[in-house]
1. Cβ contacts < 7 Å: first residue farther than 12 Å from Ala56 by Cβ, restricted to the range 73-91; second residue part of a helix (DSSP H, G or I) and among the hydrophobic types (A, V, I, L, M, F, W, C), any location; separation 6+ or different chain. Result?
2. Show me the helices (runs of 4 or more DSSP H) entirely contained within the chain in which 2 or more residues are loosely packed, with under 15 Cβ neighbours inside 10 Å.
Amino acid sequence: LGTLSSGGGQPADILYERAFADIREARYDSAEKKFSEFMEKYSTHPLAANAQYWLAETYYVRGDYRQAAKMFAQGYQDYPQGPKSADCLLK
């Protein structure tokens with residue numbers, strides 16, 4: 001799912017883990033804010049493609065399909081070789 005097994009420790013890793021924890025707990029508004037912050041600060045981080053996907057997912061699960069579609073498309077365009085590129089296309 002794009003989580004870190006080592007616990008991270010770096011600011012980017014910590015922010016990603018907190019955002020992903022919000023996804024697991026269905027706190028989608030909070031996850032959106034954290035994933036947006038992650039993408040603003042760390043768009044070249046190895047987890048950026050995953051973060052973009054989960055950001056899009058926060059819109060999808062809340063029924064904002066237009067914004068979700070934009071975010072999934074952006075995820076595919078920005079990270080076509082990323083681990084979530086096929087998932088972005090599917091959504």
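All of the numbers you see were taken from the coordinates with simple rules; none came from a lab. Predicted model only: the values in this text are computed from it and were never measured. A quick note on method: Cβ atoms are made from the backbone with ideal geometry, for glycine too, and the neighbour counts reach across all protein chains shown.
1. Gly82/Ala49; Pro83/Ala49
2. By residue number, 11-24, 28-41, 65-78, 85-90.
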